[in-house]
1. Could you please let me know if Ala201 is modelled with pLDDT of 95 or more and either in contact with a Ser or Thr (Cβ under 6 Å, 6 or more places away or on another chain) or within 19 Å of Gly92 (Cβ to Cβ) (or both)?
2. Would you check if Asp89 is of a type outside the set (Lys, Arg), in a helix (DSSP H, G or I) and modelled with pLDDT of 95 or more?
3. Let me spell it out: the conditions are (1) part of a loop (DSSP other than H, G, I, E, B); (2) surrounded by fewer than 24 Cβ atoms within 10 Å (Cβ to Cβ), and Gly153 meets all of them except one. Which number is the exception?
4. Scan the stretch 92-118 for residues that are surrounded by 15 or more Cβ atoms within 10 Å (Cβ to Cβ) and outside any helix (DSSP H, G or I) and report the count.
5. Quickly run through the stretch 102-140 and pick out the residues that are at pLDDT 95 or above and either at positive phi or in contact with a Pro (Cβ under 8 Å, 6 or more places away or on another chain) (or both).
6. If you scan the stretch 132-162, which residues turn out to be closer than 19 Å to Cys191 by Cα and in contact with a Gly (Cβ under 9 Å, 6 or more places away or on another chain)?
7. Mind listing just one residue for me: the one in the stretch 136-150 that is farther than 16 Å from Val107 by Cβ and free of Cβ contacts under 8 Å to residues at least 12 places away in the same chain and, of those, most open to solvent (accessible area, probe 1.4 Å)?
8. So is His175 buried (at least 16 other Cβ atoms within 10 Å of the Cβ), touching a helix residue (DSSP H, G or I) at 6+ places or on another chain (Cβ under 8 Å) and free of Cβ contacts under 8 Å to residues at least 12 places away in the same chain or not?
Amino acid sequence: MMDNSTPDSAALPDGPAPNDGRRSFIKQATGLLGLALAPPLVSQAERLTAMSKKVEGVSEMRLKVNGTLRTIKAEPRVTLLDALRENLDLTGSKKGCDHGQCGACTVLVDGRRVNSCLTLAVMAQGKEITTVEGLAKGEELHPLQQAFIDHDGFQCGYCTPGQLMSGVACLKEGHAKTDGDVREWMSGNLCRCGAYPNIVAAIREVEKSGFKG
């Protein structure tokens with residue numbers, strides 16, 4: 001006759017209970033996950049060291065801006081736009097999209113228009129840099145600046161510095177002989193206010209006056 005009574009502990013086989021292995025695995029996995037998520041103190045210290053080295057890695061640059069040679073100290077990766085605004089306090093050039101798509105940061109480098117947000121300052125050393133602050137001669141406005149006022153070529157004014165610099169380049173390049181030319185060669189400068197007809201009229205007026213810049 002079979003004995004159906006529950007066996008006592010002495011009758012159980014040696015070794016872990018059926019769920020012990022799973023519990024052990026979960027504990028080990030949780031411990032490893034905790035280590036992975038713990039704040040990496042050593043890595044943070046390394047990052048701080050790297051940051052301090054980066055600060056020490058500034059270099060001296062000499063930029064000729066609006067006819068004056070200026071010396072700044074900045075990281076080699078600093079853009080011309082940030083160098084002008086942050087290091088030289090020339091805030092006329094605006095930071096719009098910061099991706100070279102709106103033209104608000106346009107300046108002239110050796111007479112050619114460039115997006116200063118995409119140009120490294122170190123690459124502009126030894127070149128003539130002209131910003132919107134360099135257009136007027138003392139109290140006398142540049143003819144294009146005056147034309148913008150006469151034709152209401154700006155509304156909010158945020159894009160105006162870049163529009164002016166591109167307009168000056170357009171005139172020098174001979175790309176302002178027709179309204180269509182102006183629209184095409186000024187297409188890299190965006191105006192959210194929609195003052196395009198006024199801007200075209202201002203540039204065309206200066207072109208008709210015979211002024212080439």
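The values are calculated or read from the model by the stated rules, or taken from the named source; none is laboratory data. Since the model is a prediction, treat every value here as computed from it, not as a measurement. Don't worry about glycine lacking a Cβ; one is built from the backbone with ideal geometry, like all the others, and counts go over all protein chains shown. The area values use the complete protein model at the heavy-atom level, side chains included, leaving out ligands, DNA and RNA. Shrake-Rupley method; radii C 1.70, N 1.55, O 1.52, S 1.80 Å.
1. no
2. no
3. (2) is the only condition that Gly153 fails.
4. Qualifying residue count, the stretch 92-118: 18.
5. Gly103, Ala104, Thr106, Asp110, Gly111, Leu120, Val122, Gly126, Thr131, Val132, listed by residue number.
6. Val132, Leu144, Ala147, Phe148, Gly153, Gln155, Tyr158, Cys159, Thr160, Pro161, Gly162
7. Glu139
8. For His175, the condition - buried (at least 16 other Cβ atoms within 10 Å of the Cβ), touching a helix residue (DSSP H, G or I) at 6+ places or on another chain (Cβ under 8 Å) and free of Cβ contacts under 8 Å to residues at least 12 places away in the same chain - is met.
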